[in-house]
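> Please find one structure pasted underneath; my questions will follow.
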Amino acid sequence: MGYRQLTNLSAAIGIPIANGRVALIQALNQNVRWRDDGTDPTGSVGMRLHAGESFFYTGDLRAIKFIEETASAQLNVTAYQ
């Protein structure tokens, strides 16, 4: 489905990949928070993904959103069908 690197995480942002159902997501530089329940994460609320860690997300990729805990966080995302 594709690869994206997200670099502007100062506000809650979704993954700009339309129809994937599985993604490998890796945090870089700083920790990020994520939620997929319809509420935006904040810098202190949401599931934490530590910088340097990765996880596989399975679900509607349009539902998951991310935000940085500290400035300069980045995400690498590779999506699969």
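The values are calculated or read from the model by the stated rules, or taken from the named source; none is laboratory data. What you are looking at is a predicted structure, and each value in this text was computed from that prediction instead of being measured. Ideal geometry is used to build each Cβ from the backbone, glycine not excepted, and the neighbour counts take in all protein chains shown. When the accessible area is computed, the model is the full protein with side chains, heavy atoms only, and any ligands, DNA or RNA have been set aside. Shrake-Rupley method; radii C 1.70, N 1.55, O 1.52, S 1.80 Å.
> Considering every residue within the stretch 54-77, establish whether at least one is in contact with a strand residue (DSSP E or B) (Cβ under 6 Å, 6 or more places away or on another chain), of a type in the set (S, T, N, Q) and crowded, with 17+ Cβ neighbours inside 10 Å.
So far as the stretch 54-77 goes, yes, one or more of its residues are in contact with a strand residue (DSSP E or B) (Cβ under 6 Å, 6 or more places away or on another chain), of a type in the set (S, T, N, Q) and crowded, with 17+ Cβ neighbours inside 10 Å.
> Keeping to the stretch 22-58, report how many residues are in a strand (DSSP E or B) and either in contact with a Pro (Cβ under 7 Å, 6 or more places away or on another chain) or more than 21 Å from A79 (Cβ to Cβ) (or both).
So the count comes out to 4.
> Further, regarding this structure: Considering the stretch 1-21 alone, what residues qualify as being open to solvent by less than 40 Å² (accessible area, probe 1.4 Å) and farther than 14 Å from N76 by Cα?
First, the residues of the stretch 1-21 that are open to solvent by less than 40 Å² (accessible area, probe 1.4 Å): 2, 6, 9, 12, 14-15, 17, 20.
Within the stretch 1-21, A12, G20 meet the criteria.
> Go through the stretch 50-74 and report how many residues are under 14 Å from A23 (Cα atoms) and touching a Lys or Arg at 6+ places or on another chain (Cβ under 8 Å).
The qualifying residues number 7.
> Follow-up question, since we're still on this one. Filter the stretch 39-52 down to the residues that are open to solvent by 70 Å² or more (accessible area, probe 1.4 Å) and within 12 Å of the chain's Cα centre (by Cα) and list them by number.
Selection gives D40, M47, R48, H50.
> Further, regarding this structure: Report the residue count in the stretch 1-21 for those that are within 17 Å of T58 (Cβ to Cβ) and assigned to a loop (DSSP other than H, G, I, E, B).
Total meeting the criteria: 7.
> Related question: Can you confirm whether the stretch 25-38 contains a residue that is buried (at least 16 other Cβ atoms within 10 Å of the Cβ) and modelled with pLDDT under 95?
Among the residues of the stretch 25-38, not one is buried (at least 16 other Cβ atoms within 10 Å of the Cβ) and modelled with pLDDT under 95, which makes the answer no.
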